[in-house]
1. Relative contact order (percent) for the range 177-267, with alpha-carbon contacts under 8 angstrom and 6 or more residues of separation?
2. Using the count of nearby Cβ atoms within 10 Å as a rough guide to exposure, how do Lys294, Lys45 rank from fewest to most?
3. Of Asn106, Ile198, Val254, whose Cα points farthest to the positive end of the dipole of the range 2-290 (charges on the beta-carbon: +1 Lys, Arg; -1 Asp, Glu; origin at the Cα centre)?
4. Could you pull out every one of the lysines with an alpha carbon less than 18 Å from that of Lys152, ignoring same-chain neighbours closer than 8 positions?
5. Please identify, among Phe182, Phe209, Phe192, the residue showing maximal mean-square fluctuation in a Gaussian network model of the chain using a 10 angstrom Cα cutoff.
6. Any chance you could run the full-extension gain for Asn188 through Asp160? It's 0.36 nm times the residue separation minus the Cα-Cα distance, nm to one decimal.
7. If neighbour count is taken as other Cβ atoms inside 10 Å, put Lys8, Lys162 in order from fewest to most.
8. Along the charge dipole of the range 101-191, which of Ser123, Asn188, Ile165 sits closest to the positive end, that is, farthest toward it, with unit charges on the beta carbon of Lys, Arg, Asp and Glu (+1, +1, -1, -1)?
Amino acid sequence: MQIEVKNKKQDFFAVITDVDIKNISNTNFVKIKQTLETYGVVVLKNQNINDNQQIEFSRKFGDLEKALEHDKLEGIQDEITRISNVDQHNNILPVDSKKVIYDRGNRSWHSDSSYKSIPSKFSILSSREIPDQGGGTEYIDARYALETWNKKKHKPSLEDLKQQICQHSIVYSRMVNTGDIFDESYKNKMPFVKQRLIRTHPFTQRSAFYVGSHCSHIVGWDIEISRKLIKEINDWIMNSGEIIHHKWSNKEIVMWDNRRVLHRGTYFDESSARRIMHRTTVAGDMPSYKESVKL
Ligand SMILES: [Fe+2]
């Protein structure tokens, strides 16, 4: 198993070759998990897998989340979040269909499941069919952003931000990014949830900003003032570190640690190109506002 780190300064983004997740030794599994927690993103090249093999590998990391109703496809397991413009009859969906518009919301920077009361640890995304052009995924390091938050330039200080709790919602983020796409009953099922603004990673003991597009405002603050600050933090994350663009090969896996990394999908021509991605998502242990923070 070979491990190459793309950004050594930030300890960010690793690429692993010469391993097959279908027949993985315990030693190599432990190495992959450590690599993921150390570098935030891990590409596993050449993984020709089906859903059952993806689920079996993903369960080694912990319990899996069930897909939301807009991420399901008839006939596939509940643990598979399907991000695709291809329907169950294998046809390209119209560009104005609900699913295509919903998936377009993933083009804003986010952390998967931050809108769930117990947010996820890891996402494990497998490419099943990819466009020739576009349809990549970009990653940015919210830990490096925190560690370079400039005391002179930025206010408030990390000490002030350390205790802040934010409200996250996918209804809010989709409203901003795609328009009003959910019906009332779905909106009622997806209320705001509380998450820490800064989280400390249990493995590395290093902290990161926990924001992205699902993060709406700070509890107890004026909404507009807190949204301005959240925007400033999101902008700083984009400007402080390296944005790594991953151009997908077919049949590979990218895994990332949602407690540290923000990601987004990039444009592709949804009217003519097919893109089929299957994600498994490793559930977290508790709401992040119950975690302790260390600076
Ligand atoms: Fe995502």
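Laboratory data are not the source of any read-out in this text; all were calculated from the coordinates shown. Keep in mind that this is a model prediction, so the values were computed, not measured. Because the Cβ atoms are built from the backbone with ideal geometry, glycine has one as well, and the counts that use them run over all protein chains shown.
1. 24
2. Placing the least packed residue first, the sequence is Lys294, Lys45.
3. Ile198
4. Result set, ordered by chain and number: Lys162.
5. So, out of Phe182, Phe209, Phe192, the one fluctuating most is Phe182.
6. Length difference between fully extended and current span is 6.8 nm.
7. Lys8, Lys162
8. Farthest towards the positive end: Ile165.
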